[in-house]
Amino acid sequence: MQRASSTATVLELQEAPAHKLDGPEPGAAPLPSHLSHDTNTAATTKTTTTTITGAVSPGSTSGKAASSNSSASHENISSLPAPTTVSQPAERWNQSRTNICRVLAAFWSLLVIGMNDAAYGAIIPYLGTYYRLEYTLVSLIFLSPLVGYTLSALLINPIHQRLGQRGIAVMTSTCHIVAYAIACTHSPYPVLAVVYVLAGLGNGLGDAAWNAWIGNMANANQLLGLMHAFYGAGGVIAPLIATSMITKANLQWYHFYYIMIGAAIIESAATATAFWKATGKVFRDSHPKSTDSAGNSSLKEAVLQMPSARITWLCSLFLLCYVGVEVALGGWIVKFMLEVRDGEPFASGMTATGFWLGITVGRVVLGFITPMLGEKLAVMIYIPVAMGFELLFWLVPQFIVSAVAVALQGFFLGPLFPAVVVAATKSLPKHLHISTVGFAAAFGGVGASIIPFAVGAIAQSKGVGVLQPIILALLGVLVMLWIGLPNFNKKEYK
């Protein structure tokens, strides 16, 4: 009788409305001591219990039914699942002054990364003239960061484990400062190519770390959209500054890197100060499952073990193609507008600014629309629209039409990177987020290297007009990769 009555009480508690968990009603008999603790815990932490099906019939909550079903209750009570709790609320960007400072510092770091990536397009025509190089050799400037991005994929998790976000902040900004300082010396071209390995390492570490951190916050779509808008803003101002310095002030391409040194010094001060207390111990305590003694177990799980490996590889290949499209367009559009559309040097340089401006505005505006539609559906709308503008850019041989089309193409391409980060964080458990986002971001760096390089190599024999069919084909690949991802909108792991 006592065991059956206890079972009935458990079922009544599970079926009770949430407001009844706050305590007994006035005049009601107190709950047994072994249940009152669970009730108070549920009321305090807002936990939920799992539903029991088939244990007791609907009418068995009465004393009479409990007596008649005592033997059935005795058999079933041992198999009742333990109550489960929902995860802690997601971290909010404004929950403390420290968080606000860290978010703003990460935003500035993405601005520097965006300036770094977008500067290629503005200076490539002048690099070829300065060093007297052909397309293929100039394209090495895209290929050299590949080594840095690859290193970042291997190092991102061990650095988090040993040095925390503080280590990421210091290493990212240091790589940038050293790379830009050497670029200012306008060293021989092979030295310049090696310097961009350092820049690629800094980009890869910062890109992966800040994306994974912001991607775990509440309102991740909007925050990632804003953060990547800073990346896009860097893409807007870098070609504008570099083109103005070269064409209006008659300065050499390497003078632009004095601006980059200043931006990287601010990045160093902001990120190191904001994340100084985010040590390796802090990271290990908050991510207990993310590592073995070597710091690589989560990377192995993310890359080699199903079903995590499927999501990791699809997201990685998506970013390889996406970032490759982004940097190839931003990197070769000035050359395309100069040679194929017969544009003036300054106006052609401004088309790169228009493209990055489109990306920036798209990330801000569509970053708020994407969660309303759901990431899965939203991206399936954005990519075909971008393909339509790519066709317009390719098939209508007018300078103004091309400039407007590429800006609108950037607008719809903008939210894709944040959407992939959200897809990864929703589809995978928390201890895999750093490794997966780091690995995928490194693949994005690979795309930023090999695809613009391939465009340059093909353009050597076929002309820079090959840019358009290559971009269109890659956008089609993006659609297929996105379809392959599971429906992550309905399930979120923590």
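The values are calculated or read from the model by the stated rules, or taken from the named source; none is laboratory data. Since the structure is predicted, the reported quantities are computational estimates derived from the model, not experimental observations. Neighbour counts are summed over all protein chains in view; Cβ atoms, including those assigned to glycine, are modelled from backbone coordinates with ideal geometry.
For the range 177-206, the tally of residues that are touching a Ser or Thr at 6+ places or on another chain (Cβ under 8 Å) and not hydrophobic (A, V, I, L, M, F, W, C) stands at 6. The number of residues in the range 94-107 being surrounded by fewer than 23 Cβ atoms within 10 Å (Cβ to Cβ) and under 27 Å from VAL325 (Cβ atoms) comes to 1. Being modelled with pLDDT of 85 or more, part of a helix (DSSP H, G or I) and touching a Gly at 6+ places or on another chain (Cβ under 7 Å) is the requirement here; does ALA209 meet it? So ALA209 does not fit the description; no. Here ALA347 fulfils each of the conditions (1) over 21 Å from GLY234 (Cα atoms); (2) in a helix (DSSP H, G or I) apart from (1).
In this structure, does PHE453 turn out to be under 17 Å from the mean Cα position of the chain (by Cα) and either surrounded by 19 or more Cβ atoms within 10 Å (Cβ to Cβ) or of a type in the set (S, T, N, Q) (or both)? Quick ask: steps written out before the conclusion?
Working: under 17 Å from the mean Cα position of the chain (by Cα): no; either surrounded by 19 or more Cβ atoms within 10 Å (Cβ to Cβ) or of a type in the set (S, T, N, Q) (or both): yes.
The answer is no for PHE453.
Out of the residues in the range 177-234 that are within 22 Å of LEU140 (Cβ to Cβ) and within 17 Å of the chain's Cα centre (by Cα), which is surrounded by the fewest Cβ atoms within 10 Å (Cβ to Cβ)? This residue is LEU201.
Within the range 116-129, no residue that is outside the structural domain of TYR258 (by TED's automatic domain parsing) sits with its Cβ atom under 9 Å from a residue that is among the small types (Gly, Ala, Ser) and in a helix (DSSP H, G or I) at 6+ positions apart or across chains. Cβ-Cβ distances below 8 Å connect no pair with a first residue in the range 325-353 that is under 14 Å from GLY465 (Cα atoms), a second residue that is among the basic types (Lys, Arg) and surrounded by 24 or more Cβ atoms within 10 Å (Cβ to Cβ), and a separation of six or more residues or different chains.
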